[in-house]
Amino acid sequence: MKLNTRRTLLIGLAFFSICAFWQMYDTIIPLILRDTFHIGDSVSGAIMAADNVLALVLLPLFGKLSDRTSTRLGKRMPYILCGTACAVALTLALSGADVPGRFGLFIVLLGLLLIAMGTYRSPAVALMPDVTPKPLRSKANAIINLMGALGGIYALAAVRLLVGQHADGRTDYTPVFIAVAALMALSVALLVWRVRENALRGENADPDEAQDASVGKLPPDQMRSLALILCSVALWYMGYNAVTTAYSKYFTRMWGDLSGAASCLMIATGAAVVSYVPVGILSSRIGRKKMILIGVAVLAACFAVTGLIQSFSAILYALFVIIGFAWAAINVNSYPMVVEISRSGDVGKYTGYYYTFSMAAQILTPILSGWLLEHVGYHTLFPYAAITVALAFATMLFVRHGDNKPDAAKSLLEHYDVED
């Protein structure tokens, strides 16, 4: 069984555009709140957290709704198409509200934009398992994650190259908004043009699963595995997100080298990007659960060792390379394990479950780790991350479902196929 790489790349276009948007959002919106509207850090932080709070409701809701949808375009495509169209229009409108005195309009447009983005993220992510055979989903997810990283790079490049200046001296982000909106529109237009969702779903339908489609609840052992996987997702996101959220403050407080902080996170991100596809291939050979356990163990160990380092040194670069690989090993396989347990008619709902737990962790962990930083000390950051990730190792050990290992191919090249 071979993965159609060209088709997977096309399916990943929606996630590619979504990641470009969120990178732009995380980079630019805090600056607009501070510089245009003079909003303080506390209120700005609450506004920036709104997307995660909305996601807790919107992602499972629209994932489940898309499961029940049946149109000529498919189950997921209507949400992807309509959601993107609304998001593009609102993104362009939001750039026009970046004017002093229009804070109310800016917040209304921003809220509508976050809702629009929330309507199609789960359907967009669920499209991959819908049209990809189960044994190939880790490799496909590796490509999807790689495309997401490239979308983030596109947005960062746009910020670097296109930011201008208004006549009154204010920073002009309009060209960046336009560049990202154009990418979103073009990506989804190409997706809808080239991918026939209904035909692909029929082609990859599992006949054995179809017989069980009427079963409403999972058997107890599968439900137990699902709960353990979701708990693991929450725990390793709590550890990883605690570090990425506070790393610049930690570095400057403990080691006094902000440039080193930026370099370490870039190295970890780069290592993860480089690792995605090799990790996907390796996972197909040794299994998803084993690959996740390796990643979790390595990540916990790296966080524990980093917490012992007293002064900035080159060894941190090596540690963050390993951290990037470990995060790729986890990230490539966790979502496929969740949807592996689902029925074909429930992929959107289970996608929503996955994002509910990951988003909840990213809301909770800045509060918990932030309290420890403020009231106990900055030395708690990496032990906190190591402990939460180690707990994820413990919960993953008891998972008995969600793994799927195909027969090993004769060569690495045989894992990928570009024929239609």
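The values are calculated or read from the model by the stated rules, or taken from the named source; none is laboratory data. For clarity, every value in this text was computed on a predicted model and none was experimentally measured. So basically every Cβ, Gly included, is an ideal-geometry build from the backbone, and we count neighbours across all protein chains shown.
If you go through region 70-77 one residue at a time, do you hit one that is buried (at least 24 other Cβ atoms within 10 Å of the Cβ), at positive phi and in the same structural domain as Arg194 (by TED's automatic domain parsing)? Yes, that holds for at least one residue. Against the test of being in contact with a Phe, Trp or Tyr (Cβ under 9 Å, 6 or more places away or on another chain), on the phi < 0 side of the Ramachandran plot and part of a helix (DSSP H, G or I), the options Trp327, Trp371 yield a single qualifying residue, Trp327.
A quick yes/no check of all residues on (1) out of contact with any Cys (no Cβ under 7 Å at 6 or more places or on another chain); (2) closer than 26 Å to Ala394 by Cβ; (3) of a type in the set (Gly, Ala, Ser); (4) free of Cβ contacts under 8 Å to residues at least 12 places away in the same chain:
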site: Trp236; (1), (2), (3), (4): yes, yes, no, no
site: Ala246; (1), (2), (3), (4): yes, yes, yes, no
site: Met266; (1), (2), (3), (4): yes, no, no, yes
site: Ala272; (1), (2), (3), (4): yes, yes, yes, no
site: Val277; (1), (2), (3), (4): yes, no, no, no
site: Ile294; (1), (2), (3), (4): yes, yes, no, no
site: Ala300; (1), (2), (3), (4): yes, yes, yes, no
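Which one is farthest from Pro175 (Cα to Cα), of the residues in region 66-94 that are in contact with a Gly (Cβ under 9 Å, 6 or more places away or on another chain) and basic (Lys, Arg)? Per the criteria, the residue is Arg68. Sub-7 Å Cβ pairs linking a first residue in region 157-177 that is over 16 Å from Val99 (Cβ atoms) and assigned by TED's automatic domain parsing to the domain that holds Val88 to a second residue that is of a type in the set (S, T, N, Q) and not in a helix (DSSP H, G or I), at least 6 apart or interchain, are Val163/Thr171, ordered by first then second residue.
Within region 87-103, the set of residues being modelled with pLDDT of 95 or more and either within 21 Å of the chain's Cα centre (by Cα) or of a type in the set (Gly, Ala, Ser) (or both) comprises Ala87, Val88, Ala89, Thr91, Ala93.
The residue pairs whose first member lies in region 34-51 and is under 19 Å from Gly96 (Cα atoms), whose second member is loosely packed, with under 13 Cβ neighbours inside 10 Å and of a type outside the set (A, V, I, L, M), and whose beta carbons are closer than 8 Å, counting only pairs six or more residues apart or on different chains, are Thr36/Pro100; Phe37/Pro100.
Each row is one residue, and each column tells you yes or no for (1) under 20 Å from Pro135 (Cβ atoms); (2) crowded, with 18+ Cβ neighbours inside 10 Å; (3) more than 18 Å from the chain's Cα centre (by Cα); (4) of a type outside the set (D, E, K, R).
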{"position": "Ser248", "(1), (2), (3), (4)": "no, no, yes, yes"}
{"position": "Trp255", "(1), (2), (3), (4)": "no, no, yes, yes"}
{"position": "Met266", "(1), (2), (3), (4)": "no, no, no, yes"}
{"position": "Tyr276", "(1), (2), (3), (4)": "yes, yes, no, yes"}
{"position": "Val279", "(1), (2), (3), (4)": "yes, yes, no, yes"}
{"position": "Arg285", "(1), (2), (3), (4)": "yes, no, yes, no"}
{"position": "Thr306", "(1), (2), (3), (4)": "no, yes, yes, yes"}
